[in-house]
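The values are calculated or read from the model by the stated rules, or taken from the named source; none is laboratory data. Being a predicted model, the structure only gives us computed values, none of them experimental. Cβ placement follows ideal geometry from the backbone for every residue including glycine, while neighbour counts extend to all protein chains displayed.
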Amino acid sequence: MSKINFQNVQTMIGADAVIKGPVSLDEGIIIYGKINGDIETKGPVRVAQNATVDGNIKGSDIRVGGTVNGNIHSDGQVLLGKKSILKGDIIYRKLLIEDGAQFEGKCDIIIDNDSSPLDQ
């Protein structure tokens, strides 16, 4: 399994926390609870095994271990863990899907720095 660098993680959402509304930050985030809204960061995003995100996620590197109902846009790597559930599309530079991951959507690779497939 490939490692994602989570050194720039400054924010953690606890297992008993529920966030309603969009989350916007500059550094990384680890989610153990539930977020009902979009997440946008320049850093890495980790959705832990029992966590849920109902919204789109945009970040540098994204690792999903829990459930995401929304699209994922990563400027780097996306990793879907073996117990993850993703219902949404993925835009990525590198994609890893572990055996057992559930994924319903489409994938588009970023070819250059100037545009993404959704901009067309």
When the residues of the stretch 81-116 are narrowed to those that are part of a strand (DSSP E or B) and either in contact with a Phe, Trp or Tyr (Cβ under 6 Å, 6 or more places away or on another chain) or β-branched (Val, Ile, Thr) (or both), which ends up modelled with the lowest pLDDT?
109
On the given criteria, is residue 100 surrounded by fewer than 16 Cβ atoms within 10 Å (Cβ to Cβ) and on the phi > 0 side of the Ramachandran plot?
yes
Taking only pairs six or more apart or across chains, which ones have beta-carbon atoms under 6 Å, a first residue in the stretch 17-35 that is on the phi < 0 side of the Ramachandran plot, and a second residue that is loosely packed, with under 13 Cβ neighbours inside 10 Å and not in a strand (DSSP E or B)?
32/14; 32/15; 33/14; 33/15
Of all residues making up the stretch 14-28, the number that are crowded, with 19+ Cβ neighbours inside 10 Å and at pLDDT 95 or above:
1
Only one of these conditions is not met by residue 56: (1) under 9 Å from the mean Cα position of the chain (by Cα); (2) surrounded by fewer than 18 Cβ atoms within 10 Å (Cβ to Cβ). Which number is it?
(2)
Scanning the stretch 28-45 for residues that are under 16 Å from residue 95 (Cβ atoms) and of a type outside the set (A, V, I, L, M, F, W, C) gives 44
